[in-house]
1. Give just the number: which of (1) touching a residue at least 24 places away in the same chain (Cβ under 8 Å); (2) more than 11 Å from Val207 (Cβ to Cβ) does Ala149 not satisfy?
2. Restricting the search to segment 193-204, which residues are under 12 Å from Val125 (Cα atoms) and more than 7 Å from the ligand (Cβ to nearest atom)?
3. So His105 fits all but one of (1) in contact with an Asp or Glu (Cβ under 8 Å, 6 or more places away or on another chain); (2) surrounded by 13 or more Cβ atoms within 10 Å (Cβ to Cβ); what number is the exception?
4. Which of the residues belonging to segment 29-79 are free of Cβ contacts under 8 Å to residues at least 24 places away in the same chain, loosely packed, with under 12 Cβ neighbours inside 10 Å, charged (D, E, K, R) and in contact with a helix residue (DSSP H, G or I) (Cβ under 7 Å, 6 or more places away or on another chain)?
5. Here are the criteria: (1) under 30 Å from Ala150 (Cβ atoms); (2) crowded, with 18+ Cβ neighbours inside 10 Å; (3) touching a Lys or Arg at 6+ places or on another chain (Cβ under 8 Å). Tell me which single one Val3 does not satisfy.
6. Determine which single condition Cys209 fails, assuming it passes every other condition in (1) more than 6 Å from the ligand (Cβ to nearest atom); (2) modelled with pLDDT of 95 or more; (3) of a type outside the set (S, T, N, Q).
7. Among the residues of segment 113-135, what is the count of those that are over 23 Å from His210 (Cβ atoms) and either exposed (fewer than 15 other Cβ atoms within 10 Å of the Cβ) or without any contact (Cβ under 8 Å) to a residue 24 or more places away in the chain (or both)?
8. Quick one: Ser75 ticks every box in (1) touching an Asp or Glu at 6+ places or on another chain (Cβ under 8 Å); (2) modelled with pLDDT of 95 or more except a single one, so which number is it?
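The values are calculated or read from the model by the stated rules, or taken from the named source; none is laboratory data. For clarity, every value in this text was computed on a predicted model and none was experimentally measured. For neighbour counting, all protein chains shown are included, and Cβ atoms are generated from backbone atoms with ideal geometry for every residue, glycine included.
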Amino acid sequence: MTVGQMLREALSVHSMCPTADIPTRINALLELVRLPADAVDKLPHEFSGGQRQRIGISRALAVEPQVLVADELVSALDVSVQAQVVNLLLDLQEKLKLTVLFVAHDLRLVRHISHRVAVMYLGEVVEVGKTEALFQQPLHPYTQALLRAAPSMDPTDRRRSVSLTGELPSPLSPPSGCRFHTRCPIAVPMCSQQRPVLTCKPSGQLVACHLA
Ligand code: SF4
């Protein structure tokens, strides 16, 4: 399908506008994601990776969502192209007042783009907080290990990375109690029996840990 056909499909299946207005709406969507108007007649293979991600974003925006789930949106792109797509996403968030759920493994990117961060381990959220508070003072042992393991750009940074030991358990058969107890460096006996729930701490962060 051409870009125009893909956008037309989204607009007509969801009855987003009268049929006569579809071409105008397609042009507006392409403009929104900074693609040229002649993209409408082209096929996906005629675009670069970053442009293809923008086509995907335009199709998602065609249905005028309030929430956009961006799952590993830029992980397959070069760093320079990642920056373009991320900056576009930030502009769109501001312009359209969108809530974006940005799912990623790149911590620097997460810090750059997010207002709030949720850290997941084995399919469960273990910590939630405002971005800077969470990066400055992580409270959950898994978040702490995750941040220590991230490469530092500061050559004077001599912190030792504390690597987690043990295999990642299967999410199909997760450990009892706290799912992190088989790898947690500060686990105590109750951790394998009682499942911690997310609890609000004085800093405002929500943490699921008996000892946090
Ligand atoms: S509940 Fe126990 S095992 Fe889980 S993160 Fe906290 S200290 Fe570690």
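1. (1)
2. Result: Val197, Leu198, Thr199.
3. (2)
4. Scanning segment 29-79 gives no hits.
5. (1)
6. Only one criterion is unmet by Cys209, namely (1).
7. 5
8. Against the list (1) touching an Asp or Glu at 6+ places or on another chain (Cβ under 8 Å); (2) modelled with pLDDT of 95 or more, Ser75 comes up short only on (2).
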